[in-house]
Amino acid sequence: MPGRSDAALFKTLARILPRTRIITDSGERSLYDTDGLALYRGVPGAVLLLENAEEVIAAVRACHHHEVPFVPRGAGTGLSGGAVPLDEAWILDVTGMDRIIEIDPLESLARIEPGVVNLDLDRAASDYGLRYAPDPSSQRACTLGGNIAENSGGPHCFRHGMTTRHILALEVVLPDGTLTSLGSRSGATAGPDERGLFVGSEGTLGIAIEATVALIRRPEQVRTFLASFSSLAASCRAVSRIIASGARPAALEILDRLTIAAVEASVFRAGYPTDAEAVLLVEGEGSPAEIEEETAHVRAACSAEGALTFEEADDLEARTRLWRGRKGAFGAMGRVARDLYVLDGVVPRRALADVIEKIAAIGKKYELILSNVFHAGDGNLHPNISFDARDPEQTTRVLAAGAEILELCVAAGGTLSGEHGIGIEKRDHMGLVFTELELETQTRLRDAIDPRGLSNPGKVFPGGRSCVEAGHRGPGHAARVERIIG
Amino acid sequence: MSVETATKSIALIKRVLSQSGGPTGPFMPAGLGTRSAPPPPGVEPLTLTALSGVEDLDRDELVLTALAGTPVDRVAQEAAAVGLVLCPLIPLGTGGTLGGLYASGSESPCAPVEGHLRDAVLGVEGLTGSGAPIKSGGRVVKNVTGYDLTRFLCGSRGALAVITRLHWRLRLLPTDSIEVVIDCPATDVGARLRALRALPDPTAVRIDLNAGRTRVRALIEGGRPSASARAEQLKRGLGPGAEILSVPDEQLAPWLAPPAGTREHASVRGWIERIEELGTQSDGVATVFPYIGVGTTSAPPASAPLDAIPFGGEITRRVRSAWDPEGRLWDPHRPVPREVLS
Ligand SMILES: Cc1cc2nc3c(=O)[nH]c(=O)nc-3n(C[C@H](O)[C@H](O)[C@@H](O)COP(=O)(O)OP(=O)(O)OC[C@H]3O[C@@H](n4cnc5c(N)ncnc54)[C@H](O)[C@@H]3O)c2cc1C
Ligand SMILES: Cc1cc2nc3c(=O)[nH]c(=O)nc-3n(C[C@H](O)[C@H](O)[C@H](O)COP(=O)(O)OP(=O)(O)OC[C@H]3O[C@@H](n4cnc5c(N)ncnc54)[C@H](O)[C@@H]3O)c2cc1C
């Protein structure tokens, strides 16, 4: 092998793809230099806009042949730097592969291309009385390919499970261009669950070019509850009570005082009580009889923890209003400061209140504005740090606080990430969770599937090479965030 | 077993595996042997039943940690004593070890509602064929830190790793179980399944075929008023002749596990055709869980030689050669589908 040759790769691909779908102009390339996190940046060697399976296979084979690293990319909303190209890797953008190939109501499944936007799939399924359950807050923009690579979650994953539970089968192009099928239409696997390994592999094991996903029935009835509390600890205890009662709500979300204030001052105004220290948003779904049971449990739990207010909403308009604040929370934080660092740690539920108190202390120590929105039912925290990325000194404090928060989560019996992935952001913290030998077992696996280390290199594992700059956002970023929250 | 003793036993397994060029091996990890044939000559069993014990059961967080050789029934008993059950509804009377249950990748009929067995396991520890440590997941429900080896190794049948410890999800014990059943000719199964699909999913759906007639059975977790309302709704949806029956506790394990027979995989549509076909044969017998695509039948299918279905694919092959270059773990490479249960 002669080693990496971008020029030779370009020549090969120019024979396969129209010139308009190979982006080499430096201004245009720089639109792809970051993702939703915006703390890391790297300009790709080139960007390929791929529109079908044959093109992906040909592009990956060519990258492999010419030893050029590549990064699969969806909508670029990831929050751990996963789609940021390092070492001038080429971007393989699959957002053009956005066909819903099939929806089969009898089998309760859909077959889709990876560039399909999460919400578009859900909307298409609704014509059949079905839905696609995982609902990340970015669902208006993020793609199923990105969801699969990150094993994304969303509020309703508390009851219905993360993305991996809803992926039945995958068609995958391995980093050397080998096409392989994982899983099956029923979700059953003959032997090891290769499907499960690929989900959450953050683009490091190749590119998903097709997925068969499970759809579930839309619930007969939905009821949303909003309870406010005079302390965050009380709201967390209410969550534990609800779970212990045997209720099975679809979602259990908490927003803290600062987030409530930001939401209420923004276009996402939802009518949350601004004098509360926390609001708990609960959603029950099922038959009318189930809803009545859930209501009794939720009401009793909130009352036992001294809820200040308690609101129930049945009709779509009122429910949408209550959710508007939660779904728009990250966007609303844009009012507080220019930039937002959304962290993603997990702790056992019982540790929530204590850990959040300690997180507040870390915020104070580093003199940062810190707020919390979280998937309380799963113990999945999103401490949000508001800051100005143009200020390198502030950015350094932000990163230091972030690292301490992650240490705290792991020490409390939790982990580094519940849904945003490791990417670049947390790769150097992997040692908090794994020993060197345990990490070596994982990197051996990666090397076995990608011996040349070409598929999204520098991500997930510590010590990856990088030409990362902290504190800069690419010009494309503002536009993208607007699209998500607008 | 104390943590100290467990650590010593695991260290011993590690030593056995990493003895390169030694006279022993390849090894076949084994639990209670309820679901596997004894190893062929030249393959040594690596029995894990001594690595046994529930190390922690957390009623609030709904998670337990147990060593892989712990009998499933013991785990289920300990959970039941505090009002909990192993997900996805693994009842008493299941048999085997927890490691064996996980390594055989058993499909749960409750998957459409509760998730597969692989979704119930929160974390795994083990050793590769060359004795290197494996760790994935942990005791929290959401976890995307590193590769999801917890799911990958579910169903790995001892060929990729020796499983030593598992973190497993729990949930509240259902107070009782009920089923809605309807008897019909095999040719009517498609219509019944279509009717069911238009209703909220029951916990599990099973079809029993015998002598040209089928019984469509929908399992619902009982005990709450809403469950009775749900059962009534399913009864109406299934049409005249549908009945509501109770499923006694001791019947739950056999309800959920397929009996002996040839194992087949097909889609819902595929199963409708297959049941119609088997229904025309006087000796046609089948037990099918259509929503998870699995069933056992009395007769081998006419087409598609199922033995040809490989154990894992390209990814498994590559990982095995990286993790176990000397082949110290026996690669059974045995076909999954033809396996006879019980
Ligand atoms: C709802 C339900 C559905 C079921 N469906 C199935 C099914 O579809 N298929 C099926 O086979 N069984 C099924 N079962 C049965 C279940 O798999 C057994 O009960 C299981 O527990 C066997 O345990 P064992 O200790 O006897 O395993 P064994 O028979 O000893 O081993 C089974 C397999 O696992 C491997 N193994 C065992 N322990 C380890 C370990 N510690 N590390 C690595 N590998 C190990 C062995 O090498 C072997 O390949 C089902 C059970 C339930 C409750
Ligand atoms: C405002 C906002 C809210 C968010 N809310 C949530 C939330 O609630 N829950 C949540 O989990 N996340 C959330 N996210 C994070 C993000 O939206 C998810 O991680 C999402 O899945 C990323 O999808 P994407 O299409 O943007 O992927 P990208 O950012 O383009 O890529 C993400 C990763 O996936 C890989 N990838 C992309 N496509 C493929 C493919 N076809 N094959 C293989 N690898 C591929 C990339 O290489 C990269 O590593 C949020 C982000 C924002 C900006």
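The values are calculated or read from the model by the stated rules, or taken from the named source; none is laboratory data. What you see is a predicted model, and the numbers here were worked out from it, not measured in a lab. With ideal geometry, Cβ positions are generated from the backbone for all residues, glycine too; neighbour counts draw on all protein chains shown.
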Considering each of A:ALA89, A:ALA125, A:ALA75 in turn, give the residue that is in contact (Cβ under 8 Å) with a residue 60 or more places away in the chain, more than 16 Å from ligand 1 (Cβ to nearest atom), buried (at least 19 other Cβ atoms within 10 Å of the Cβ) and closer than 22 Å to A:GLY187 by Cα.
A:ALA125
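Could you check region B:68-116 and list, in sequence order, the residues that are of a type in the set (Asp, Glu) and under 25 Å from B:ILE207 (Cα atoms)?
Taking region B:68-116 and keeping what is of a type in the set (Asp, Glu), we get B:73, B:78, B:107, B:114.
Those that are of a type in the set (Asp, Glu) and under 25 Å from B:ILE207 (Cα atoms): B:GLU107, B:GLU114.
Sort through B:ARG139, B:ARG169 and tell me the only one that's more than 7 Å from chain A (Cβ to nearest Cβ) and modelled with pLDDT of 95 or more. It would help to see each step written out before you state the result.
Numbers: B:ARG139 fails: more than 7 Å from chain A (Cβ to nearest Cβ).
Sole residue among the options that is more than 7 Å from chain A (Cβ to nearest Cβ) and modelled with pLDDT of 95 or more: B:ARG169.
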Taking only region B:245-295 into account, find how many residues are more than 14 Å from every other protein chain (Cβ to nearest Cβ), outside any helix (DSSP H, G or I) and surrounded by 14 or more Cβ atoms within 10 Å (Cβ to Cβ).
9
Which residue pairs have Cβ atoms under 7 Å apart, sit 6 or more places apart or on different chains, and have a first residue in region A:138-153 that is more than 10 Å from A:ALA208 (Cα to Cα) and a second that is crowded, with 24+ Cβ neighbours inside 10 Å and of a type in the set (Phe, Trp, Tyr)?
none
Pairs returned, first residue in region A:408-431 that is more than 8 Å from every other protein chain (Cβ to nearest Cβ), second residue that is among the small types (Gly, Ala, Ser) and outside any loop (DSSP other than H, G, I, E, B), beta-carbon separation under 6 angstrom, 6 or more apart or interchain, are A:CYS409/A:GLY345; A:ALA412/A:ALA351
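Find the residue count for region A:143-168, including only residues that are part of a helix (DSSP H, G or I), near ligand 2 (Cβ under 6 Å from one of its atoms), within 23 Å of A:VAL373 (Cα to Cα) and more than 9 Å from every other protein chain (Cβ to nearest Cβ). Walk me through how you get there before you give the answer.
Looking only at region A:143-168, we keep the residues that are part of a helix (DSSP H, G or I), and these are A:144-150, A:157-160, A:163-166.
Subset that is near ligand 2 (Cβ under 6 Å from one of its atoms): A:145-147, A:149-150.
From what's left, within 23 Å of A:VAL373 (Cα to Cα): A:146-147, A:150.
Among the residues that remain, those that are also more than 9 Å from every other protein chain (Cβ to nearest Cβ) are: A:146-147.
Number of matching residues: 2.
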Condition first: more than 14 Å from chain B (Cβ to nearest Cβ), more than 18 Å from A:SER266 (Cβ to Cβ) and surrounded by 18 or more Cβ atoms within 10 Å (Cβ to Cβ). Now tell me which residues in region A:323-362 satisfy that.
A:TYR341, A:ILE356, A:ILE359, A:ILE362
Checked region A:95-142 for anything within 15 Å of A:LEU170 (Cα to Cα), hydrophobic (A, V, I, L, M, F, W, C) and away from ligand 2 (no atom under 12 Å from the Cβ); matches are A:ILE100, A:ILE101, A:LEU109, A:ALA110
Cβ pairs under 8 Å, 6+ apart, first in region B:242-257 and away from ligand 2 (no atom under 16 Å from the Cβ), second of a type in the set (Phe, Trp, Tyr)
B:VAL247/B:TRP255
Residues of region B:51-85 being outside any helix (DSSP H, G or I) and buried (at least 24 other Cβ atoms within 10 Å of the Cβ), which ones?
B:LEU51, B:LEU64, B:ALA66, B:LEU67, B:ALA68, B:GLY69, B:THR70
